[in-house]
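Any read-out appearing in this document is the output of simple, stated calculations on the displayed coordinates, not a laboratory observation. Source: prediction; values computed, not measured. As a convention, Cβ positions derive from the backbone with ideal geometry for all residues, glycine included, and neighbour counts pool all protein chains shown.
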């Protein structure tokens, strides 16, 4: 398969000359970009660049990609149970709810890990958020949370079509815990795909949202 990518053939509405590229065609091409597979196909970089240039979107991939979402809760203590059994517990640290979407990679996870380790959300002697996880020896409880990608814009039942497929989401969420452990932190996890009960003492309360592409 060459530059036709995962679709088998190149889109029929792609012009060979930008001057003949109609407004209607641009709209259709934008829809093509929004298709999740666009960022995972075997289209060569020159072809992608040409398509983006035609649509006036060159250098603007981020406009058509979601971001890995993380909700952080600063905690005095936290634990997660499955069927009455505690599978993870921490003391002072962070509860990390991780949502992954199509296009997320280990690179996204590594950036999140670096952010978590150095984010200064713990209080110093003057009560100001000035200390990082490294400074206070914080612990992490990482929970996979696909519902962070719920779409509630239509109807009354949330849609989760933007959430990453289960096998890859599990791999990335476990990779986050692995990165934290490799840096010397205690990192506990829940049980992927299980019905969990998460308990925590939110210190503050202090809750933060991170989005990373």
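Some notes on this structure:
- Residues 203, 151, 104 arranged by fewest to most Cβ contacts within 10 Å: 151, 203, 104
- Residue order for 173, 179, 67, fewest other beta carbons within 10 angstrom first, comes to 67, 179, 173.
- With neighbour counts taken as other beta-carbon atoms within 10 Å, the residues 189, 152 rank, fewest first, as 152, 189.
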